[in-house]
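Inspection log for the structure reproduced underneath, given as structure tokens.
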Amino acid sequence: MQYISVILAHPYTHSLNAAIAATVVSTLEKNGYGVYFHDLYQEGFNPLINGQELVADDSSDPLLRQHQEEICRAHGIIIVHPNWWGQPPAILKGWVDRVLRENTAYTFPTGDNGGGLPTGLLPAKAALIFNTSNTPAQREQDVFGDPLERIWKDCIFAFCGVHTFERLTFGVVADSDEATRQHWLQQAAEMVNKHFPATA
Ligand SMILES: Cc1cc2nc3c(=O)[nH]c(=O)nc-3n(C[C@H](O)[C@H](O)[C@H](O)COP(=O)(O)O)c2cc1C
């Protein structure tokens with residue numbers, strides 16, 4: 001069975017983000033995939049890297065090891081989070097810092113001290129990002145430059161060797177009615193179906 005990692009970063013269990021993640025998980029299961037699901041706030045993921053972990057990859061945190069083992073096996077990665085200040089929530093930034101480490105998610109060629117071109121190590125065939133926001137799409141492009149696209153597509157997933165990437169932003173959430181939110185959930189399911197279709 002192929003496994004997909006699904007990471008949710010939102011503190012409120014009845015949020016739109018939580019509903020998107022639930023749709024993603026149920027669509028994957030319906031299509032025949034196993035799911036490594038983590039609600040980072042609910043499981044109390046610690047986003048703070050400490051000095052020992054930073055310099056020696058020395059951590060006694062079993063949850064961290066579980067995240068790293070799963071991401072190194074995952075056939076796909078799906079992350080769900082709100083746009084907070086043009087960035088992921090801090091808990092998810094900490095997940096990136098601690099989980100996607102050198103020699104776990106990427107490496108450098110022999111003799112390269114880390115200044116050269118990285119080699120991605122993640123085996124995932126595709127990475128999908130689902131975001132929610134309160135900024136109209138045109139203003140996000142024109143005024144803020146949509147930093148989340150660059151962060152996830154280039155700074156993180158291409159760096160780690162995952163070059164098939166798609167991201168969908170739902171908004172404006174603050175103005176949305178129930179029918180619109182149901183339509184967004186349908187769109188999320190369709191994007192999952194596109195990249196992770198039903199297995200034989
Ligand atoms: C700390 C914080 C920062 C936010 N920053 C932004 C932002 O930079 N751009 C934006 O469009 N919305 C921003 N928002 C609004 C959220 O994106 C919005 O509330 C969320 O996407 C709605 O989804 P939810 O109902 O699942 O929480 C921010 C909200 C919070 C709480």
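Only the coordinates and a few stated rules stand behind these numbers; no lab work does. This structure is a prediction, so every number in the text was calculated from the model and none was measured. Neighbour counts run over all protein chains shown; Cβ positions are idealised from the backbone, glycine included.
Taken together, the residues in the range 41-78 that are without any contact (Cβ under 8 Å) to a residue 24 or more places away in the chain and closer than 17 Å to TYR106 by Cα amount to 5.
Can you confirm whether PRO47 is within 13 Å of the ligand (Cβ to nearest atom), in a loop (DSSP other than H, G, I, E, B) and surrounded by fewer than 18 Cβ atoms within 10 Å (Cβ to Cβ)? Can you show your working first?
Numbers: within 13 Å of the ligand (Cβ to nearest atom): no; in a loop (DSSP other than H, G, I, E, B): yes; surrounded by fewer than 18 Cβ atoms within 10 Å (Cβ to Cβ): yes.
When the stated conditions are applied, PRO47 does not pass them.
Within the range 18-32, which residues are surrounded by 23 or more Cβ atoms within 10 Å (Cβ to Cβ) and not β-branched (Val, Ile, Thr)? Quick ask: steps written out before the conclusion?
From the range 18-32, those surrounded by 23 or more Cβ atoms within 10 Å (Cβ to Cβ) are 20-21, 24, 28; that's our starting set.
ALA21, LEU28, listed by residue number.
How many residues are touching a residue at least 12 places away in the same chain (Cβ under 8 Å) and either not in a strand (DSSP E or B) or not hydrophobic (A, V, I, L, M, F, W, C) (or both) when one looks only at the range 104-126?
Looking only at the range 104-126, we keep the residues that are touching a residue at least 12 places away in the same chain (Cβ under 8 Å), and these are 104-107, 114, 118-126.
So of that shortlist, the ones also either not in a strand (DSSP E or B) or not hydrophobic (A, V, I, L, M, F, W, C) (or both) come out as 104-107, 114, 118-125.
Matching residues across the range 104-126 total 13.
In summary, THR135 fulfils each of the numbered conditions (1) more than 10 Å from the ligand (Cβ to nearest atom); (2) in a loop (DSSP other than H, G, I, E, B); (3) touching a Phe, Trp or Tyr at 6+ places or on another chain (Cβ under 8 Å) with the single exception of condition (1).
Yes/no per residue for (1) assigned to a helix (DSSP H, G or I); (2) aromatic (Phe, Trp, Tyr); (3) crowded, with 18+ Cβ neighbours inside 10 Å:
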site	(1), (2), (3)
HIS67	yes, no, yes
LYS93	yes, no, no
LEU128	no, no, yes
ASP142	yes, no, no
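Out of (1) loosely packed, with under 13 Cβ neighbours inside 10 Å; (2) in contact (Cβ under 8 Å) with a residue 24 or more places away in the chain; (3) among the small types (Gly, Ala, Ser), the odd one out for ALA9 is which? Status for ALA9: all satisfied but (1).
Could you identify the single residue in HIS81, HIS38 that is within 16 Å of the ligand (Cβ to nearest atom), in contact (Cβ under 8 Å) with a residue 12 or more places away in the chain and in a strand (DSSP E or B)?
Numbers: HIS38 fails: within 16 Å of the ligand (Cβ to nearest atom).
Unique residue meeting the criteria: HIS81.
Every test in (1) away from the ligand (no atom under 13 Å from the Cβ); (2) surrounded by fewer than 17 Cβ atoms within 10 Å (Cβ to Cβ); (3) more than 28 Å from VAL24 (Cα to Cα) is passed by PRO118 save one, and that test is (2).
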